1. Condition test on Ser27, is it part of a loop (DSSP other than H, G, I, E, B) and either hydroxyl-bearing (Ser, Thr, Tyr) or surrounded by fewer than 16 Cβ atoms within 10 Å (Cβ to Cβ) (or both)?
2. Which of the residues spanning region 150-186 are in a helix (DSSP H, G or I) and modelled with pLDDT under 90?
3. Given the options Leu331, Leu342, name the one that is within 16 Å of the ligand (Cβ to nearest atom), under 22 Å from Val241 (Cα atoms) and touching a residue at least 60 places away in the same chain (Cβ under 8 Å).
4. Please determine whether any residue of region 131-149 is in contact with a helix residue (DSSP H, G or I) (Cβ under 6 Å, 6 or more places away or on another chain), of a type outside the set (Ser, Thr, Tyr) and at pLDDT 85 or above.
5. Mind listing whichever residues of region 218-264 are within 22 Å of Asn175 (Cβ to Cβ) and charged (D, E, K, R)?
6. If I ask for residues that are touching a Gly at 6+ places or on another chain (Cβ under 8 Å) and under 27 Å from Gly176 (Cα atoms), which ones from region 316-338 would you list?
7. Counting only residues that are assigned to a loop (DSSP other than H, G, I, E, B) and under 22 Å from the mean Cα position of the chain (by Cα), which one in region 228-262 is nearest to the ligand (Cβ to nearest atom)?
8. Going through region 201-231 one residue at a time, which ones are among the aromatic types (Phe, Trp, Tyr), surrounded by 19 or more Cβ atoms within 10 Å (Cβ to Cβ) and either assigned by TED's automatic domain parsing to the domain that holds Gln111 or modelled with pLDDT of 95 or more (or both)?
Amino acid sequence: MKVTGMSVIVAGMLPRVAFAARNALRSMRTGVQPGDKTRLVIETSARPSYSLSYPEKQLVIDIANMSADTSVVAKLASGTLVTDIKQVQSGDHLHIVANLRKNIGELQKSQIMLLEPNGDNDYRLVLDFTASTSADKIASAVASNGTNNKNQQKKYVVIIDPGHGGKDPGCIGKNGTREKDVVLSVGRKLKNKLDAAGFKTYMTRTNDTYLKLANRAEFAERRKGDLFISLHANANPSRTVKGFSIYTLSEKASDEEAKKLAESENAADKIGVDGFTEFEKEIRAALSSLQQHAVAEMSEEYANGCARAFRSSKVEAQPGPSVRHAPFAVLRSTVPGALIELGHLSNTSEERLLKNPEHQAKLVAAIVRSIKNYNFDV
Ligand SMILES: [Zn+2]
């Protein structure tokens, strides 16, 4: 599948294009990322409508509605695949031509990020790539022959992570309902519905087994997840507290309650602790980069959409913000995602609901809707 910003415009913004303000090129820069990846960042004043092409030893980014600006000089880091970058005007389009030391394969969706403005930054198109291997060439040759249509209909990969399991029951309701059982049941139903809706799904656990938090995150990386959904149920010292809440990763908790929750969810790993794995070190390196911001933004977008889906399905919300942030170990990966607390097992009426198949189906339907509405393509 060729990834292009154009499809977004065709789908929903066509009437606005004719009147759209001209896009302006703000900056261009390269850098080196872990795994010997070259990162090329193109900053623009408006959301770019772009397409990519791959002439011999070049990467061309075609941006619509944009004029060349010679005052914008690319900042090139040493040690990347990019030797120089030129701007070539082509009618109303600007072609940003990156000359490369080696050929690269067609960029996959996971190698492309489009970041919203934040702080001092405008829109940023972020492209990560490495020199192509012979395997890439074969794959792209097969795809362009049209003999492998399956290759062109890539399914989005959703990782479903039922929390806890095995020796770690999670929280337990007054009537003995265990978090690990509720979330596994909801997770299985979610998998069935998502598979039926055309997604590729993987569950971190499909039975009552214990799995370390870092292993869950690592699983999401290995399966090349596009979205990670960690399912949990909550407990509160006050048995009157009820409702769902949704969390994304942040190294600083958004509030005291979120902090406590992250501590209790992370505490599961103290049951079986080893040192940091090689994976965790790599992820820390990746997360210290720009990618962290992209993952955080996409996660936030998903989490807000999920909260909206729950609210419109009349699932009771915990008082306070529906989306909060805390340092959850399970969310430390480069896969965007959220941790969903489906409700409170500590509340007797909600404990009853959480094990009720109809209520579980309602929760699953809301999550499926939020995933269908999520923009995987940014
Ligand atoms: Zn939990």
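1. no
2. In the first step, residues of region 150-186 are kept if they are in a helix (DSSP H, G or I); the result is 150-152, 179-186.
Within region 150-186, Lys150, Asn151, Gln152 qualify.
3. Leu342
4. The answer is no, given that none of the residues of region 131-149 is in contact with a helix residue (DSSP H, G or I) (Cβ under 6 Å, 6 or more places away or on another chain), of a type outside the set (Ser, Thr, Tyr) and at pLDDT 85 or above.
5. Matches in region 218-264: Arg239, Lys242.
6. Glu316, Ala317, Gln318, Pro319, Val330
7. So, considering only residues that are assigned to a loop (DSSP other than H, G, I, E, B) and under 22 Å from the mean Cα position of the chain (by Cα), the one nearest to the ligand (Cβ to nearest atom) is Ala253.
8. Matches in region 201-231: Phe228 only.
The values are calculated or read from the model by the stated rules, or taken from the named source; none is laboratory data. Please read these numbers as outputs of a predicted model, since none were measured by experiment. Using ideal geometry, Cβ is built from the backbone for each residue, glycine included, and neighbour counts are taken over all protein chains shown.
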